[in-house]
Amino acid sequence: MYAKVIVDVPAKQTNHAFDYFVPEPMRDWVAVGSRVGVPFGPRKLQGFVVELDTQVDYDPSKVKPLTEVMDLYPPLTPDLVELAHWISQTYVCHEVTALQAMIPGALKAKYERHVKVADGGAEGVEIEMQADGQHKMLLPEQLEIIEYVRGKGTVEIGALLHKFAAAGGAVKQLIVEGMLHEVQMIKDRMSAKKVLTVIPPEQPDMLWEWAEQLPARAAKQKQVLSYLAQHPVPIKLSELLHEVGVSATTVKSLAEKGWLSIAEVEVFRDPYAERTFRRTEPLPLMPAQQAVFARIEQAVTGNTRQVFLLHGVTGSGKTEVYLQSIQTCLDEGREAIVLVPEISLTPQMVERFKGRFGDQVAVLHSRLSHGERYDEWRKIMLKQVSVVIGARSAIFAPFTRIGLIIIDEEHESSYKQEESPKYHARDVAIARAGQHQSVVVLGSATPSLESMKRTLRGKASTQQLFDMNHIQTAAAARLPDTAVRSSIDSLNVPFELLSMPTRVEGRPLPPVHIVDMREELRTGNRSMFSRPLYKAIEERLHKKEQTVLLLNRRGYSTFVMCRTCGYVAECPHCDISLTYHQSSHAIRCHYCGYAERQLTTCPSCSSEHIRHFGTGTQRVEEELNKLFPGIRVIRMDVDTTREKGAHEKWLTMFRNRQADVLLGTQMVAKGLDFPHVTLVGAIAADTVLNLPDFRAAERTFQLLTQVAGRAGRHDLPGEVYVQTYAPEHYSILTASKHDYHGFMEKEMTLRQLHEYPPFYRLILLTLSHEQLPLLMRTAEALAARLKELAAEVPTIPIEILGPVASPIARIKDRYRFQCMIKYRGDTAISGLVQQALTLLQDVERQHKLTISVDVDPQMLM
Ligand code: ADP
Ligand code: ZN
Ligand code: ZN
């Protein structure tokens, strides 16, 4: 047996599979997706098995053996291994980088796997084990193994396999059958967690008798006994106390009588263990929800890949549709993945899913500790759950029968990973759906133009405007090898548009007032609050209703400037201005971490008129306190939510009406559903509009629509104030009228006119090096090579722009140059990029030049 292994060295020379021989004891263990140890020259490396074969087509004596199999269960499924290959081809990255991105960080930490003899299992020599109700004798070598392990207490698996080299299969069998237990001996925070657990007696009926024996004044103890008699299963002590409403002393005194026992039991760390989730039943659907659900239900039971784009206004009840669709999927015996933006993974969202599906749900997000994340991931691996809700990387959940993938807020740019592998979760989802024949639902109140355009394809009325169908697969086929292994077919599926245009129960969308800040300034108001917004807040304070205030962080200045000469403090290592941090009185670079003390005089002209512009939200908070003495403000931004659990804490306080105003950045715009919020204010609605990014208008529209959607979601009607210096801008006008279609049509026309996505696609290549001349020469050579290659595929219009200096021309003392490839087509032309890059291999290696490739970039800064 031979294994093809991708080794863990992200370099061009090692970016293909190497052959290894699988020694006898490992044969039953190794599988596609296993992590293995391999000799590599003089070194020992880790790698992933991507294929198994019975032969190699050269002298087999030259093939070296694997040195170890690292996991009991392969951490990746074969379809994920296939997907990694596809990602490496599509997004031009090393295959091992894609493989590594799919497994939880905790697995990469150092840890050892040990086994011990299972409790109550294998007693004595005449052990029998049950299989299919029949008694079966253990094989002699299995008995030998058990005795060996028993003698040692616990044994590291590698050592065990070494000792019983000829009986690898027997060891595995014992583990699979539960005779040997796996014990994780993981270094650092990874050791298993234990909790106090109450264990009822072997004959729970006795509990009733004992309860009788107790005197009447021991009512609490009686309650505990009768609870356990009715629920005779082990229960966490904390849970029992909560359920019965007694103190720990009560339970302990029962344990002292020997009527029950309290023991430390290993548990999966459950980040939501402290919370109980009220079970919810499916709601009767509104007509629009019903129509949408019926389509999804039909597709889920139909077992073919299908992609839906669900456009539902804020408050239209998308979540309930997701929940019922997932139920259908589970009824089909299949699994569901739900992706939400990191920022929406609030307790509120998790509660909705846990409330409906209970323990069936695993939650994955970056705020979990390594250990918690690992445990959630293991629940997926061991099939203890069938629903995963998580941020971007949850798309790699190791499920094997995926029936449904939901991506909520599909327009969010956080679905694109900004470091290698620079994948977009939406496209990966469609690829996975192709492997599993599953349904994808992309939900949003403001679908991205990319997704919207794919719903329009092929329709006669829009054919002329969105003339896109001329790219032939045949032409793409002539490109250098972008072929993918088997089941991932083209992503080029049209989307079906579903819509829910009204809020549930006919609640109105809130009226939006645009406030022209230029007018405010002309009439003498220099505050950051316009008069109408000021009055509206005052009114809410009076009525004891709540307000959400949004300050867009991106594009908001936090820099240091001299008012005399205009000097702006910049990082000496990066071409970017330094950011002022009020709390530490320092100015910092966000790219390299460089910091210096805040300035008192201008380094350029020595003037004392140097201004530090604090973070936007801090300034707003100060001003609120000045304008409305005694106002209770919760500020949520990167500074106040850094600590674990902070996010949840603030939101719970706001929900409990311990504050009048929730002030924050983007984080307050997403997914929150608070009944007493009747006012929403966007303080500087247009800060993003001025960024040099062709998506600026779209981002502004999306953000305003989202934040406006927070108002008046329940019985109390709401209203929205949008303050802006660009009141006539179409993105602000259309957002104020809740007019998604008006915005989309205007924006589509502009994008087509200016040849931007979704009509054209982009690939951004960024090169960086310490020496400018070498960098420029290389960038020129790359552009020339790209042009040559592009000329070889005349059927696809490809334009090479640049090289030019990047918008941030230097980071950490490395200069940056970029080339942009702009082309029309449905097939990513990654193969062409890969081919051009081979030209640079030598410079890359010799001079430590870095090249990063971003296919369909979301950030152009
Ligand atoms: P969206 O995600 O589309 O913004 P939500 O899913 O948050 O909307 O739903 C808005 C509110 O409407 C929630 O409070 C939800 O519980 C409620 N809701 C959803 N569907 C129904 C229904 N069929 N009947 C009654 N209330 C519903
Ligand atoms: Zn100056
Ligand atoms: Zn810097």
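If the condition is being under 30 Å from the mean Cα position of the chain (by Cα) and either loosely packed, with under 14 Cβ neighbours inside 10 Å or assigned to a helix (DSSP H, G or I) (or both), then the range 612-638 contributes G616, T617, Q618, V638.
Is it the case that some residue within the range 736-743 is within 16 Å of ligand 1 (Cβ to nearest atom), aromatic (F, W, Y) and surrounded by fewer than 23 Cβ atoms within 10 Å (Cβ to Cβ)? Yes: one or more hits.
In summary, Q752 fulfils each of the numbered conditions (1) under 30 Å from the mean Cα position of the chain (by Cα); (2) in a helix (DSSP H, G or I) with the single exception of condition (1). Residue check: is A735 more than 32 Å from the chain's Cα centre (by Cα) and within 30 Å of S527 (Cβ to Cβ)? The answer is no for A735. Of all residues in the range 363-377, those that are surrounded by fewer than 20 Cβ atoms within 10 Å (Cβ to Cβ) and over 16 Å from I395 (Cβ atoms) total 3. Cβ-Cβ distances below 7 Å connect the following pairs, each with a first residue in the range 643-656 that is small (G, A, S), a second residue that is surrounded by 14 or more Cβ atoms within 10 Å (Cβ to Cβ), and a separation of six or more residues or different chains: A646/T640.
Pairs meeting the criteria (first residue in the range 573-596 and among the small types (G, A, S), second residue within 16 Å of ligand 2 (Cβ to nearest atom), beta carbons under 6 Å, at least 6 apart or on different chains) are S577/F559; S577/V568; S577/E570. Residues of the range 564-596 that are out of contact with any strand residue (DSSP E or B) (no Cβ under 6 Å at 6 or more places or on another chain) and within 15 Å of ligand 2 (Cβ to nearest atom): T564, C565, G566, Y567. Considering the range 685-704, the residues that are in contact with a Leu (Cβ under 8 Å, 6 or more places away or on another chain) and acidic (D, E) include one that is modelled with the highest pLDDT, namely E698. Checking each residue in the range 434-448 for being modelled with pLDDT of 95 or more and among the aliphatic types (A, V, I, L, M) picks out V439, V440, V441, L442.
Using the structure shown, decide if E274 is assigned to a loop (DSSP other than H, G, I, E, B), modelled with pLDDT of 85 or more and out of contact with any Pro (no Cβ under 7 Å at 6 or more places or on another chain). Spelling it out, it is not the case that E274 is assigned to a loop (DSSP other than H, G, I, E, B), modelled with pLDDT of 85 or more and out of contact with any Pro (no Cβ under 7 Å at 6 or more places or on another chain). Regarding G709, is this residue surrounded by 20 or more Cβ atoms within 10 Å (Cβ to Cβ) and either in contact with a Leu (Cβ under 7 Å, 6 or more places away or on another chain) or assigned by TED's automatic domain parsing to the domain that holds K453 (or both)? Spelling it out, it is not the case that G709 is surrounded by 20 or more Cβ atoms within 10 Å (Cβ to Cβ) and either in contact with a Leu (Cβ under 7 Å, 6 or more places away or on another chain) or assigned by TED's automatic domain parsing to the domain that holds K453 (or both).
The values are calculated or read from the model by the stated rules, or taken from the named source; none is laboratory data. Note that this is a predicted model, so its numbers are computed, not measured. Virtual Cβ from ideal backbone geometry, glycine too; neighbours counted across all protein chains shown.
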